[in-house]
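Below is one structure; the comments refer to it alone.
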Amino acid sequence: MAPLQQGSFKRQVEVGRVVLLNNNKLAVIIDIVDHKRVLIDGPTTGVARQAWTLRHLTLTNLVVKGLPRNAGQSTVKKCLEKNDTLNTWAKSAWAQKLAQRQVRANLSDFDRFKVQKLKNKRRVAVNSTVAAALKKA
């Protein structure tokens, strides 16, 4: 008998699920309106309570535990702080990659030039070390 296959969905749309909006802001699902829309709120991230389509958001791995359905803004804020959700998000690789992308997008021409020169310096150092190691062997 073959083992049961695990479903392909790892993140479910549920109350308390932390979502990433297309403008890189975090919000929490407060209620499910229908199969295409959810009610979200982000009291600590500047997202107003509103209905949002599921196509325009991304589900994260984070879930706020103990959040009741249709919770008020103060309750959502307390649950976010209690679970330390925003710090957990900030430590994730996903958030760090988004932050790095933002930093690179805001570089000036001179900053990009400095990065190019540093990459060139690193490439020369690595290639010379590899060449010396190959020559020894």
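The values are calculated or read from the model by the stated rules, or taken from the named source; none is laboratory data. The structure displayed is predicted, hence computed values, not measured ones. Note: ideal-geometry Cβ built from the backbone for every residue, glycine included; neighbour counts use all protein chains shown. For the accessible areas, the whole protein counts, side chains as well, though only heavy atoms, and no ligand, DNA or RNA atoms are used. Shrake-Rupley method; radii C 1.70, N 1.55, O 1.52, S 1.80 Å.
Structure summary
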item	result
Residue 66, sole failed condition from (1) closer than 15 Å to residue 43 by Cβ; (2) touching a Cys at 6+ places or on another chain (Cβ under 7 Å); (3) not hydroxyl-bearing (Ser, Thr, Tyr)	(1)
Subset of region 27-83 (residues that are over 15 Å from residue 13 (Cα atoms) and assigned to a strand (DSSP E or B))	42, 47, 48, 49, 50
The one condition in (1) within 19 Å of the chain's Cα centre (by Cα); (2) free of Cβ contacts under 8 Å to residues at least 24 places away in the same chain; (3) exposed (fewer than 13 other Cβ atoms within 10 Å of the Cβ) that residue 29 fails to fulfil	(3)
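Rundown of residues vs (1) open to solvent by less than 60 Å² (accessible area, probe 1.4 Å); (2) within 16 Å of residue 43 (Cβ to Cβ); (3) of a type in the set (A, V, I, L, M), yes/no style:
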residue: 77; (1), (2), (3): no, yes, no
residue: 80; (1), (2), (3): yes, yes, yes
residue: 85; (1), (2), (3): yes, yes, no
residue: 96; (1), (2), (3): no, no, no
residue: 109; (1), (2), (3): no, no, no
residue: 119; (1), (2), (3): no, no, no
residue: 137; (1), (2), (3): no, no, yes
